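Structure, as C-alpha cells:
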Amino acid sequence: NAGVTQTPKFQVLKTGQSMTLQCAQDMNHEYMSWYRQDPGMGLRLIHYSVGAGITDQGEVPNGYNVSRSTTEDFPLRLLSAAPSQTSVYFCASSSTQISNEKLFFGSGTQLSVL
Amino acid sequence: DQQVKQNSPSLSVQEGRISILNCDYTNSMFDYFLWYKKYPAEGPTFLISISSIKDKNEDGRFTVFLNKSAKHLSLHIVPSQPGDSAVYFCAATLANAGGTSYGKLTFGQGTILTVHP
C-alpha cells in the first residue's frame, strides 16, 4: 500500500515563482490536509478538505491555494513564492472509519525559497 | 498564541530507563489528544491517543496520562529503546457540534528524544 504520496521530495524556488505540491492517497479517506513544519513551531495547518469539492482554511492559509477535484488528490499551490514559505510541507489524510484524528502523513516536501 | 506547548526541546535517556515527555495545553475545549513520532526524512506517524474523558491509556511500552485540571499530558515510554530516538509531537483536536474534528490537529513544537545504548 502506498498510503499518502507526496511529490516532489525537494524543491528550490526563486521568490515570485509558482509551483504545485502534489499529494495523493489510495486509502479512500474523506479528510485530507496540508501542514507545514517549521523549527520551534511544530506543525501548523494550512488548508484542509472534508471531501471532493470542499476545502477550508487552516491556521496559516495565506499564500496558498488548494482544490480537491477527486477523493484521492489534494494539491497545494504556491501562487508567488516568498522566503517565508521555506518549510517542510506534509500532506495527511484520515477517515471517520478509523478515527478522523489519526492522520496518515506523507513523507514530506522540503521547499526552499531563495 | 501556541495552544499546545512542549516546553522541553530535547530529552536524553539511557536505554532501559523511562522516558517522560510532557505537553501542556491552554484550550480546555480540546477533547482528544494524540502523540505522533517522527523520524528524519519521514512523515509523523501516530503513536497513541487519549480521549478527554479518560486519564490514562496504555499500549505496550507507551502510556499516555491526562491531567485535565492541570491541562497537562505526558507520554511514558518504558523501557526506552534506541529505536525510540525520534521527535515526538503532542497534538490536540476540537470536535465540532457533529462530533468530528475533520482531522484538524493543533500540534506542539516537538521534543527530540535520544535514547543512548
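The values are calculated or read from the model by the stated rules, or taken from the named source; none is laboratory data. Here the structure is a predicted model, which is why all the values come from computation and not from measurement. Cβ sites come from the backbone with ideal geometry, for glycine too, and all protein chains shown count toward neighbours.
A few notes on this one:
- Filtering segment B:62-85 for residues that are closer than 25 Å to A:Gln110 by Cα and touching a strand residue (DSSP E or B) at 6+ places or on another chain (Cβ under 7 Å) leaves a non-empty set.
- Scanning segment A:79-114 for residues that are more than 14 Å from chain B (Cβ to nearest Cβ) and assigned to a strand (DSSP E or B) yields A:Leu111, A:Ser112, A:Val113.
- Residues in segment B:34-46 that are at pLDDT 95 or above and more than 9 Å from chain A (Cβ to nearest Cβ) were compared, and the one that is surrounded by the most Cβ atoms within 10 Å (Cβ to Cβ) is B:Trp35.
- Flag for A:His29 being of a type outside the set (Val, Ile, Thr), without any contact (Cβ under 8 Å) to a residue 60 or more places away in the chain, within 11 Å of chain B (Cβ to nearest Cβ) and out of contact with any Asp or Glu (no Cβ under 6 Å at 6 or more places or on another chain): no
- Scanning segment A:39-78 for residues that are of a type in the set (Ser, Thr, Tyr) and not in a strand (DSSP E or B), we see that the one that is nearest to the other protein chains (Cβ to nearest Cβ) is A:Thr71.
- Scope segment B:56-87; condition acidic (Asp, Glu) and either surrounded by 14 or more Cβ atoms within 10 Å (Cβ to Cβ) or under 14 Å from B:Gln14 (Cβ atoms) (or both); matching residues: B:Asp84
- Residue check for A:Tyr35: of a type outside the set (Val, Ile, Thr), within 16 Å of A:Thr109 (Cα to Cα), part of a strand (DSSP E or B) and within 9 Å of chain B (Cβ to nearest Cβ): yes
Yes/no matrix, rows are residues, columns are (1) in a loop (DSSP other than H, G, I, E, B); (2) within 14 Å of another protein chain (Cβ to nearest Cβ); (3) modelled with pLDDT under 95; (4) under 27 Å from A:Asp56 (Cβ atoms):
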position	(1), (2), (3), (4)
B:Ile48	no, yes, no, no
B:Ser69	yes, no, no, no
B:Gly98	yes, yes, yes, yes
B:Thr114	no, no, no, no
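- The listed residue being assigned to a loop (DSSP other than H, G, I, E, B) and either within 12 Å of chain A (Cβ to nearest Cβ) or not aromatic (Phe, Trp, Tyr) (or both), out of B:Asn22, B:Asn7: B:Asn7
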